[in-house]
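For reference, the structure is listed below as structure tokens.
The values are calculated or read from the model by the stated rules, or taken from the named source; none is laboratory data. Fair warning: this is a prediction, and the values are worked out from it, not measured in the lab. Neighbour counts run over all protein chains shown; Cβ positions are idealised from the backbone, glycine included.
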């Protein structure tokens, strides 16, 4: 049975919605309410699927005067759409459990808005598979694009890192060749001077013989011929010396030309290295950014070592915050400070050495003085640059906690932490820097007193004046060599204060180079080998592992050398300023050889530095280097940035 509705005009739906209906017949009361579900929908009507119709309903369906009162329950609609409809066709189907009926109806009375809404919904439902397919295609395309973009970034970063390392190697080779050329030039010049002196000596002897010959012309023939023979021999020696002199001059000229070519090549490499500097710094900065967790604001301290992958060391957070401050990335720096200001749980009044990076829980229930001081130093550097004082109270509270520890010692030394017996020179150097910064920024007398007390303690217990051990001790009564105490003494106190206190900053640098500088073969993650000259954690000859280069501690020495260069430049000693600037450039170039691509997917191959040239070995100070040959280190990467730009974290930058 067909009516004004053609079935081909219906939209077949993959889902249904309920329809309530009543039969309306002339001169008969309304029937009971039946419940059905839509099967097809058109703009002017729909098909209702219903089961278990009673005898009255089956008979009524055959009445041509029959109308239906509809209540169409649209999904997500606040009320059913009301309509009066007539039957266009019916069809009965044998179902598995009961007789089923399909009733095609067309609207006779319905709100225009409701009719459009019903048909629009049906059309949306029909198109959902198309939308899903299209969305899937878009997502696949975006995934492919994202994967391609990530691979491209990784490739570009690998190229950048490889080029930086290759330039560093080439730089070292050229410098070594120039050094050998200078040495050879010096030897040739000495030989040439000796030849000229000998030539003058021979010429003088010949002149003397000529006079003697004239005086003895009247003497016997035998004596006369003997003098002539001696003269000829001297003349021959003079001729040979002249030929050798010409040869030396030619060698010297060739050497000077070779040296000029080497100098030109070195200048080119320096320019290329300088051109890469900004890109390399930015890739290291980006590496830090992608390792900041949004939920806490903390930075992962290491990647590549599974045991440490979720740890955020407080000292490292302080370094990361300073990198963000340097780059004007203030929101990221504030995220770190906000964690410590609002969320971080304290242990014995101080912040823990490490927190879990994702949840912010305490990861290491130890609260050393040093990491707390460094956090306060980072706040001071941020405050100094931005003039944003919202975290200054946090820095003061840390300083007050440290002063309370200081006051527990009759000599006002700062112990490693509450209840600990040992004193660290490093911690006291850090504290001196912090107290000096707070005194300069707040003008408060207590910080000046605390700084002076710390300086007195350092003079008494840190500096070794007798020359029998390291110039700076690792701690009170502890003459173990620790390279970072050498560099931090210069960076914290400054060369001028060291000299005033009877400490020799040049002796400190010289001792570090003589006892802690090592040259090692570093096997890069891709398998290539490079020779790196840098600084060990201690005197490597005291350890069975042999020498290793610490990227962070080498960078600290570089910063110290740049501090020395600036000091001598300000004191009109340009010669020494050049010497320390050259030292800094040399070790910085060596450090660049350790630049690696980030090993994690998050890092996208960005440049970073490992903790050291060897994994899982004893540093000589109570901890081991991280596991894994491709472990990126936040501290190493941050300090490499400091070294590259000459930033001293222990002094407020001007």
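Considering the stretch 67-79, and only residues there that are more than 60 Å from the chain's Cα centre (by Cα) and surrounded by fewer than 18 Cβ atoms within 10 Å (Cβ to Cβ), the residue that is farthest from residue 124 (Cα to Cα) turns out to be 69.
Any residue in the stretch 111-127 that is surrounded by fewer than 18 Cβ atoms within 10 Å (Cβ to Cβ), modelled with pLDDT of 80 or more and farther than 15 Å from residue 72 by Cα? No, the stretch 111-127 contains no residue that is surrounded by fewer than 18 Cβ atoms within 10 Å (Cβ to Cβ), modelled with pLDDT of 80 or more and farther than 15 Å from residue 72 by Cα. Does residue 72 count as in contact with a strand residue (DSSP E or B) (Cβ under 6 Å, 6 or more places away or on another chain), within 18 Å of residue 43 (Cα to Cα) and in contact (Cβ under 8 Å) with a residue 60 or more places away in the chain? The answer is no for residue 72.
One residue is enough: does the stretch 355-365 have a residue meeting the conditions touching a helix residue (DSSP H, G or I) at 6+ places or on another chain (Cβ under 7 Å) and either free of Cβ contacts under 8 Å to residues at least 12 places away in the same chain or not in a loop (DSSP other than H, G, I, E, B) (or both)? The answer is no; no qualifying residue exists. All told, residue 388 meets the bar of being under 29 Å from the mean Cα position of the chain (by Cα) and part of a loop (DSSP other than H, G, I, E, B). The listed residues are 375, 438, and the only one of them that is surrounded by 14 or more Cβ atoms within 10 Å (Cβ to Cβ), touching a strand residue (DSSP E or B) at 6+ places or on another chain (Cβ under 7 Å) and in a helix (DSSP H, G or I) turns out to be 375. For the stretch 41-57, a residue qualifies if it is free of Cβ contacts under 8 Å to residues at least 40 places away in the same chain and over 14 Å from residue 20 (Cβ atoms), and the qualifying residues are 54, 55, 56. Residues in the stretch 496-512 that are free of Cβ contacts under 8 Å to residues at least 24 places away in the same chain and surrounded by fewer than 21 Cβ atoms within 10 Å (Cβ to Cβ): 499, 500, 510. In a residue-by-residue description of the stretch 13-27, the property of being modelled with pLDDT of 55 or more, in contact with a helix residue (DSSP H, G or I) (Cβ under 8 Å, 6 or more places away or on another chain) and under 22 Å from residue 64 (Cα atoms) applies to at least one position.
Here is the figure for the stretch 497-510: residues that are under 16 Å from residue 451 (Cα atoms) and either part of a helix (DSSP H, G or I) or in contact with a strand residue (DSSP E or B) (Cβ under 6 Å, 6 or more places away or on another chain) (or both) total 3.
Yes or no, residue by residue, for (1) outside the structural domain of residue 303 (by TED's automatic domain parsing); (2) in contact (Cβ under 8 Å) with a residue 40 or more places away in the chain; (3) part of a helix (DSSP H, G or I); (4) surrounded by fewer than 19 Cβ atoms within 10 Å (Cβ to Cβ):
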| position | (1), (2), (3), (4) |
| --- | --- |
| 519 | yes, no, no, yes |
| 527 | yes, no, no, yes |
| 559 | yes, yes, yes, no |
| 565 | yes, no, yes, no |
| 569 | yes, no, yes, yes |
| 572 | yes, no, no, yes |
| 579 | yes, no, yes, yes |
| 582 | yes, no, yes, yes |
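Does residue 90 fit the bill of being over 21 Å from residue 126 (Cα atoms), part of a strand (DSSP E or B) and either over 60 Å from the mean Cα position of the chain (by Cα) or at pLDDT below 85 (or both)? Answer is yes for this residue.
Taken together, 469, 419 contain a single residue that is in the same structural domain as residue 370 (by TED's automatic domain parsing) and not in a helix (DSSP H, G or I), which is 419. Is it the case that the stretch 474-485 has a residue that's free of Cβ contacts under 8 Å to residues at least 12 places away in the same chain, closer than 28 Å to residue 302 by Cβ and either touching a helix residue (DSSP H, G or I) at 6+ places or on another chain (Cβ under 8 Å) or surrounded by fewer than 18 Cβ atoms within 10 Å (Cβ to Cβ) (or both)? No, the stretch 474-485 contains no residue that is free of Cβ contacts under 8 Å to residues at least 12 places away in the same chain, closer than 28 Å to residue 302 by Cβ and either touching a helix residue (DSSP H, G or I) at 6+ places or on another chain (Cβ under 8 Å) or surrounded by fewer than 18 Cβ atoms within 10 Å (Cβ to Cβ) (or both). For the residues 57, 85, the requirement of being at negative phi, modelled with pLDDT of 90 or more and not assigned by TED's automatic domain parsing to the domain that holds residue 126 singles out 85. Are any of the residues in the stretch 341-357 at pLDDT 95 or above, closer than 21 Å to residue 386 by Cα and either buried (at least 16 other Cβ atoms within 10 Å of the Cβ) or more than 18 Å from the chain's Cα centre (by Cα) (or both)? Within the stretch 341-357 (the criterion being at pLDDT 95 or above, closer than 21 Å to residue 386 by Cα and either buried (at least 16 other Cβ atoms within 10 Å of the Cβ) or more than 18 Å from the chain's Cα centre (by Cα) (or both)), the answer is yes, since at least one residue qualifies. Of all the numbered requirements in (1) at pLDDT below 90; (2) in a helix (DSSP H, G or I), residue 515 misses one, and that requirement is (1).
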